[in-house]
Amino acid sequence: METAKENKIANKPNKLHYQGASAQAIQYHYDLSNEFYQLWLDTTCSYSCALWEDAETLEEAQIKKLDYHITQAGAQEAQHVLDIGCGWGSILKRLVNQYHVKQAVGLTLSQAQQDWIATWNHPQIDVRLEGWAEHQPEIPYDAIISIGAFEHFANTKLSSAEKVDAYRNFFNRCHEWLKPGGRISLQTIIYENAGEEDVNSFLSQEIFPDSALPRLAEIVQAAERIFEIDILRNDREYYVRTLRAWLKNLRANRAEAIQLVGEKQVAAYEKYFGIAMIGFHSGNLNLSRISLKRIDAPRFNKH
Amino acid sequence: MNNQNSIRTVTASQIQEWIITYLVDELDLNKDEIDVQAPFTDFGLDSSTAVILTGDLGEWLGYDLDPTLLLDYPTLETLVNHLAIENQNC
Ligand SMILES: C[S@@+](CC[C@H](N)C(=O)[O-])C[C@H]1O[C@@H](n2cnc3c(N)ncnc32)[C@H](O)[C@@H]1O
């Protein structure tokens with residue numbers, strides 16, 4: 001299947017049955033209100049765990065996180081980089097403005113996020129309202145980054161074996177899209193000392209419907225023999241700190257937040273941050289950052 | 001932290017009384033079932049309740065408490081001690 005001739009990706013039928021959270025479920029969460037998210041996110045609008053090493057403020061820690069992934073993916077000065085689950089575009093912007101990347105492509109299932117990034121009218125940023133399963137790039141990527149989106153790539157109805165299959169489809173796609181020697185830098189929440197049955201029902205129903213978190217072993221199994229794991233770091237206490245910063249910002253802007261989304265939503269977000277903080281602090285959840293290197297000549301039929 | 005003026009100065013036993021009343025109401029327990037040295041999880045306290053408890057307790061005290069507090073101080077005794085010292089230093 002590996003016939004990415006020169007600079008073109010082989011044209012092949014693209015009928016994948018996507019088994020992650022539906023676009024509707026994603027929009028339920030992310031399309032709430034761009035202004036609301038802006039109230040408590042940092043200025044880069046990063047909506048995922050920061051990297052607090054030598055960082056004092058949330059913004060510094062988010063920039064460290066962005067730089068970490070850009071470096072791990074080897075995306076500096078690359079021609080063509082893909083960000084799967086691009087949120088409000090923090091990585092896309094940094095790639096083209098600070099790292100001299102020629103073209104940064106972002107995928108999101110959130111209309112509000114796409115609209116937001118589209119207003120920049122940046123010639124080097126291409127943001128698409130499209131899930132990874134529908135994505136069909138014409139030329140290969142030098143690097144792929146995906147931060148805080150993998151959490152949505154399996155729905156809650158799947159068995160563990162089916163989840164591995166769903167993730168395998170994802171890694172197969174990335175393999176097809178990457179140039180030889182290409183890398184993925186992936187960040188995701190995982191179940192650590194917990195399983196699906198332990199998940200707080202408020203989080204799984206009211207905040208992130210239709211999404212089942214991965215286990216580390218499922219990710220490793222899904223990537224096996226097509227990607228080599230280069231570096232893995234687990235940073236759950238950094239998520240506690242990130243959530244604490246979001247909670248503090250939300251409380252500081254409570255009145256405005258209520259005007260935007262109403263008292264009930266604000267209370268729900270406060271509760272979600274608190275429960276997630278407990279999840280990470282207790283070690284029920286963890287936060288993995290995984291650097292993967294493409295295996296260019298898999299020794300077996302990867303499908 | 002909320003407005004400095006609204007901080008409530010309390011003793012350890014007032015804090016303990018507040019939490020016990022809360023647990024009795026929220027978790028449908030008998031007052032004499034509550035062992036100050038037992039972990040909160042023994043009372044069936046889950047993360048949702050922990051978040052609401054720390055939120056309400058913080059409101060009563062007049063300053064924000066961290067939602068993870070009950071993990072670091074997992075019994076009534078350790079929690080009350082911690083809060084009483086913190087409250088004195090406010
Ligand atoms: C928590 S946000 C993280 C955004 C961004 N990476 C950041 O760190 O700020 C999750 C993102 O994943 C996207 N997403 C979820 N499922 C997706 C899929 N199947 N394909 C592409 N993006 C997806 C959402 O639309 C959203 O932009």
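Just so you know, all these numbers are worked out from the coordinates, no wet-lab data involved. Just so it is clear, the structure is predicted and the values come from calculations on it, not from any experiment. Cβ atoms come from the backbone with ideal geometry, glycine included; neighbour counts cover every protein chain shown.
Here are the numbers for the structure shown:
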read-out: Reach of A:LYS102 by Cα under 16 Å, taken over aspartates and glutamates that are not fewer than 8 positions away in the same chain; value: A:GLU77, A:ASP83, A:ASP126, A:GLU138, A:ASP142
read-out: Among B:THR41, A:ILE207, A:ILE231 the positive-end extreme of the charge dipole of the protein assembly as shown (Cβ point charges); value: A:ILE231
read-out: Contact order relative to length of chain B, as percent, for alpha carbon pairs under 8 angstrom and 6 or more apart; value: 43 percent
read-out: Note, ³J(HN,Hα) from phi for the range A:196-212, Karplus 6.51, -1.76, 1.60, rounded to Hz, x at Gly and Pro; value: 3, 5, 8, 5, 4, 5, 4, 5, 6, 9, 9, 9, 10, x, 6, 10, 10
read-out: Selected from A:SER22, A:SER46, A:SER160 as most flexible by GNM, with chain A as the system and alpha-carbon contacts under 10 Å; value: A:SER160
read-out: Degrees between helix B:12-27 axis and first principal axis of chain B (Cα, 0 to 90, nearest 10); value: 50 degrees
read-out: Net +/- balance of residues flanking A:ASN234 in space, Cβ distance below 13 Å, scoring K and R +1, D and E -1; value: +1
read-out: Against the rule of thumb 2.2 N^0.38 Å, how large the Cα Rg of chain B comes out; value: 1.02
read-out: For the range A:7-97: rounded, prolate or oblate by the Cα gyration tensor [a/c cutoff 1.5]; value: oblate
read-out: Label zone at A:PHE300 (point 7 Å along Cα-to-Cβ), backbone N below 17 Å, the range A:218-235; value: A:218-229
read-out: The range A:17-291 - Rg and Dmax from Cα coordinates, angstrom; value: 17.5, 52
read-out: Cα shape, the range A:28-75, gyration tensor, a/c 1.5 rule; value: oblate
read-out: Within chain A, helix-based [θ] at 222 nm, where runs of 4 or more DSSP H residues each add -39,500 (n - 2.57), nearest 500; value: -12000 deg cm²/dmol
read-out: Coil-residue trypsin sites (Lys or Arg not before Pro) of the range A:125-195, DSSP, other Cβ within 10 Å capped at 10; value: A:LYS157
